[in-house]
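Nothing in this text is a laboratory measurement; each read-out follows from the coordinates by a stated rule. Predicted model only: the values in this text are computed from it and were never measured. A quick note on method: Cβ atoms are made from the backbone with ideal geometry, for glycine too, and the neighbour counts reach across all protein chains shown.
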Amino acid sequence: MKRWRFFLYLSLSLALILSGFIAWQRISWENAYKKVGLMIPYSQIAALAKHEKISISKFLAELKDRGVTTVSVTNGEIAEWRETLYRLPPWINGGAAMPPSATISLQELKNLQTQGFNLALIVDGEVWSDRRTQLSDLLAAADLLAPRGVYFASGRVWGWPQDLAKFAGWLTQNHIQWGVVEFAEAQGAAHLFELGEQNFVRVHRIKDDELAELDLSQALDRWERAVIERNIRILDVRLRPSSIVDNLNYLEDLRGRIRTAGFAWEWPSSPGAFKLALWIPIALGVGFCSLITLIGLSIFPLSVLQSVLLWGIGTVVLSFGLRFQSHLFAQILALGIALCAPLAAFLLTDRLNRVGNKQSWMFAFLCVLLASLTSAFLGIMMAASLSQDSFFLKLEEFQGVKISLVAPLIFVFFASFKRDGWAGFRYFWSQPLRIQDLALLATGVIILGVIILRSGNFSLLPVPESEQNVRDLLENWLYARPRFKEFFLGHPLLFAWAFWGRERLGFYAPIVLIGAWIGQVSIVNTFAHLHTPLLLSVLRTINGLIAGLMVAGLSWLLILGGRWVWQRISTIKS
């Protein structure tokens with residue numbers, strides 16, 4: 001058994017080392033992708049110039065001095081396209097009427113190009129990506145514009161699903177960049193990328209109604225975070241509802257912020273390809289099978305033969321799956337690591353907790369540190385299994401975020417009782433419930449429900465304004481904002497669990513345990529956001545750990561101080 005365990009630890013260690021090399025390559029890939037471009041809607045330029053009663057040419061010259069080289073136009077704004085797409089019969093174009101905003105002429109846009117400006121086409125409107133629309137008409141209309149890039153803000157990418165190859169060929173032939181506006185659902189984008197059309201960038205825009213509610217600093221913060229945190233490389237900047245001078249200063253401040261953050265202020269090219277050789281996910285899969293076998297040996301009375309069979313079957317299934325259905329099984333592998341990482345952190349910490357010195361703050365700090373490092377290393381391993389440029393650019397996303405938040409907590413809960421014997425489980429349920437116990441239990445359920453609803457790529461619950469203000473403050477102070485469920489909930493409760501132990505916590509032990517491991521689940525979830533630069537995720541985890549230990553230490557001092565005061569009061573009364 002010792003030799004078998006040694007083999008399992010060795011293969012897991014090699015997988016973790018391999019994950020470290022992949023992480024280093026990813027950091028190099030991200031550091032080489034540092035150009036940020038800016039484009040401004042031409043309709044807003046023209047409207048503001050008219051309002052200020054200056055020539056558009058003079059305004060454009062001022063914009064060029066601020067580094068603006070590209071203007072954008074949406075498909076519904078060009079008047080001449082009434083004679084191309086919108087003259088088609090209803091059964092072709094979906095019966096859409098000419099948009100009332102279609103007031104920009106092609107000649108105006110051609111004049112911009114002669115002045116040295118590039119044009120970007122924002123495809124915004126379902127009629128342009130309707131399956132019944134003829135792709136040849138779309139491409140012919142776009143050829144009249146000769147855009148530098150085509151960026152999709154809604155609907156489907158052109159040609160999806162049956163003519164996608166034709167659209168890809170048009171992009172390649174004309175050397176046209178393409179992209180997707182952040183938070184837009186552009187169907188077929190991932191398939192277009194897989195066809196080899198990888199001249200892709202991510203675009204961010206702030207809608208006019210949202211911009212009106214933001215002050216200057218908030219707007220600049222939002223642009224900066226989009227670039228730093230989410231691999232956004234083109235900013236579709238809407239002008240603010242103020243004067244030309246204010247907007248020029250706004251653009252100057254934005255350029256200064258982007259440069260200060262370490263990015264170059266010039267039009268971005270597509271990032272270099274990042275693909276893993278086939279053997280790398282298989283090696284990570286072998287390491288994962290070793291991890292799950294070690295977890296099985298720690299919880300269940302498995303024999304050597306049973307554990308060898310478990311490891312062998314898992315290795316064979318994953319290897320064949322990654323060979324013939326690589327995309328699907330890479331997601332399965334990542335989900336498996338995400339589910340097992342918090343449980344592995346619990347088992348290691350629990351083993352240390354059984355032999356350590358209880359009620360020692362140094363020992364409790366050590367337990368928090370060990371659990372967090374375990375979760376972080378396995379989180380990096382999980383991210384390594386999905387290391388593809390399509391994930392870094394958010395064309396594809398890690399599936400199973402919500403299940404990876406809930407299932408590990410259930411695993412940890414039952415693993416705790418399994419290791420202590422089911423007598424502890426029966427003891428927990430046999431205790432009489434007091435009103436304060438029910439209130440605490442209900443509070444815990446509510447907190448867990450809020451965490452689940454606010455997880456994933458789109459939150460089902462809005463962030464309160466007060467919390468958003470605290471987030472912004474932490475962002476400005478720490479660069480990478482730590483997560484509340486780590487430093488304010490998980491790490492302090494893990495400190496309490498390690499300091500007092502299950503025996504002293506009594507009825508509250510399972511509640512404290514679940515709350516403690518919410519922080520570890522959050523650490524793994526941090527590395528599941530593959531569009532976030534890896535160094536930023538590491539820094540976020542470190543900040544959360546330091547802040548969590550500070551909150552835990554402060555809480556411990558407050559408890560000791562309160563106990564001392566209570567004892568003094570009791571002594572005086574007696």
Trypsin sites (Lys or Arg not before Pro) restricted to DSSP loop in the range 132-217 with at most 16 other C-beta within 10 Å: ARG132, LYS207
Evaluate the distance, in nm, between pseudo-label points positioned 7 Å from the Cα of LEU278 and of PHE363 along their respective Cα→Cβ axes. 5.2 nm
Contour minus Cα-Cα distance for ARG5 and GLN187 (0.36 nm per residue): 60.8 nm
Dipole in debye (nearest 20) - the range 34-265, about Cα centre, beta carbon charges: Lys, Arg +1; Asp, Glu -1: 500 debye
Considering only SER360, ALA345, MET381, whose Cα is most displaced toward the positive end of the charge dipole of the range 325-401, charges sitting on Cβ of Lys, Arg (+1) and Asp, Glu (-1)? SER360
With no solvent and one point on each alpha carbon, what is the Debye value of log10 I(q)/I(0) for the range 374-418 at q = 0.19, 0.23, 0.25, 0.34 Å⁻¹? -0.74, -0.92, -0.98, -1.09
Simple label model, 7 Å out from Cα along Cβ direction - THR443 to SER242, nm: 4.4 nm
Kindly list the residues of the range 135-178 that lie in the label zone of THR69, defined by a backbone N under 15 Å from the point 7 Å along the Cα-to-C-beta vector. 148-149, 177
At 4 °C and 1.567 mPa s, grab the translational diffusion coefficient of the range 186-297 from Stokes-Einstein with a Kirkwood Rh over Cα pairs, rounded to a whole number in µm² per second. 73 µm²/s
Sort TRP170, TRP361, TRP497, TRP24 so the one with the fewest other Cβ atoms within 10 Å of its own Cβ comes first. TRP24, TRP361, TRP170, TRP497
List the residues, sorted by chain then number, that are 5 or more residues from GLN187 or on another chain and whose placed amide H is less than 5 Å from its amide H. ARG156, VAL157
For the range 525-540, Karplus-derived ³J(HN,Hα) couplings (6.51, -1.76, 1.60; θ = phi - 60°; whole Hz; x for glycine and proline) come out as 4, 4, 7, 6, 7, 6, 7, 8, x, 5, 4, 5, 5, 5, 5, 4
Amide H of GLY37: which non-local residues (sequence gap of 5 or more, or other chain) have their own amide H closer than 5 Å, using H built in the peptide plane? ILE234, LEU235
Loop only by DSSP, 13 or fewer other Cβ within 10 Å of the Cβ. Give me the trypsin sites (Lys or Arg not before Pro) in the range 1-56 that pass, ordered by residue number. LYS53
Inter-label distance, nm, simple model (7 Å from Cα along the C-beta direction), GLU213/VAL317: 4.7 nm
Can you list the residues, at least 5 places off or on another chain, whose amide H is less than 5 Å from the amide H of VAL201, using H built in the peptide plane? TRP178, GLY179, VAL180
Grab the beta carbon distance between LEU195 and THR103, set R0 = 41 Å, and tell me the FRET efficiency rounded to 0.05. 0.70
Go through the range 500-574 and name the chymotrypsin sites (Phe, Trp or Tyr not before Pro) that are in a DSSP coil and have 14 or fewer other Cβ atoms within 10 Å of their Cβ. none
Average silhouette area of the range 34-265, convex hull of alpha-carbon atoms, in square nanometres: 12.3 nm²
